[in-house]
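To start, the structure itself, in structure tokens.
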Amino acid sequence: CGRYVEIWNLVFMQFNRDAAGAVTPLPKPSIDTGAGLERLAAVLQGKVSNYESDIFRPLTDFASELCGKAYGAAPDSDASLRILADHGRASAFLIGDGVMPSNEGRGYVLRKIIRRAVRHGRMLGLERPFLFQMAEKVAEQMREPYPDLQESIGRVASVIRHEEERFAH
């Protein structure tokens with residue numbers, strides 16, 4: 001109903017479930033609060049959504065500039081703009097940390113993230129590669145806390161652009 005916003009949830013990690021479905025206790029059970037940086041930033045800034053915080057809003061605004069669609073104008077285009085911001089950010093950090101698009105493991109997740117963003121870009125009218133520009137914006141925005149990303153942005157943008165072109169082909 002929009003009345004409540006979840007900012008904290010407890011996840012009790014106690015068991016490992018293998019491919020066959022067998023459950024075994026973890027050697028070191030733990031608890032994850034689920035209270036991520038984005039959630040806390042949104043709360044501290046009085047925002048209802050992570051995407052309204054100063055972490056994501058510059059990226060949704062940049063995505064809006066790229067496609068010429070105003071953020072806040074329509075629910076469908078807003079969802080796509082948020083996906084461009086989120087997936088552009090995730091792709092930049094994953095590649096910056098050494099993950100490369102591939103057909104297995106983390107690389108497969110990265111490839112799916114990039115391709116989902118490209119698909120939503122197409123829905124917004126972006127027919128040319130664009131996600132690499134989102135990565136450049138992420139690196140610029142995060143240059144102080146993550147200088148390594150800024151230093152490797154040429155490689156990161158090149159990998160993303162190549163994957164965008166490969167998917168378009």
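The values are calculated or read from the model by the stated rules, or taken from the named source; none is laboratory data. Please read all numbers here as calculations on a predicted model, not as lab measurements. No Cβ is skipped: glycine too gets one built from the backbone with ideal geometry, and neighbour counts run over all protein chains shown. All accessible areas refer to the heavy atoms of the entire protein, side chains included, with ligands and DNA or RNA removed. Shrake-Rupley method; radii C 1.70, N 1.55, O 1.52, S 1.80 Å.
Can you name the residue in segment 126-153 that is without any contact (Cβ under 8 Å) to a residue 60 or more places away in the chain and open to solvent by less than 50 Å² (accessible area, probe 1.4 Å) and, of all such residues, is farthest from Ala85 (Cα to Cα)?
Keep residues of segment 126-153 that are without any contact (Cβ under 8 Å) to a residue 60 or more places away in the chain, which gives 127-129, 131-132, 135-136, 139-140, 142-152.
Cutting the leftovers down to open to solvent by less than 50 Å² (accessible area, probe 1.4 Å) gives us 129, 131-132, 135, 139, 142, 149, 152.
Numbers: Pro129: 15, Leu131: 9, Phe132: 12, Ala135: 9, Ala139: 13, Met142: 14, Leu149: 16, Ser152: 19 Å.
Of everything passing the filter in segment 126-153, Ser152 is farthest from Ala85 (Cα to Cα).
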Pairs where the first residue, in segment 50-68, is touching a residue at least 40 places away in the same chain (Cβ under 8 Å) and the second is crowded, with 18+ Cβ neighbours inside 10 Å and of a type in the set (D, E, K, R), C-beta under 6 Å, 6+ apart: Phe62/Lys137
Residue list for segment 113-124, filter: touching a residue at least 24 places away in the same chain (Cβ under 8 Å) and open to solvent by 50 Å² or more (accessible area, probe 1.4 Å): Arg115, Arg116, Met123
Filter result for the condition that a residue is in contact with a Phe, Trp or Tyr (Cβ under 9 Å, 6 or more places away or on another chain), of a type in the set (Asp, Glu) and closer than 24 Å to Arg116 by Cβ, over Asp76, Asp97, Asp61, Asp32: Asp61
Helices (runs of 4 or more DSSP H) (entirely within segment 68-169) containing at least 1 residues that are on the phi > 0 side of the Ramachandran plot: 105-123
Matching residues in segment 77-105 - criterion: being touching a residue at least 12 places away in the same chain (Cβ under 8 Å), over 12 Å from the mean Cα position of the chain (by Cα) and open to solvent by 50 Å² or more (accessible area, probe 1.4 Å): Met100
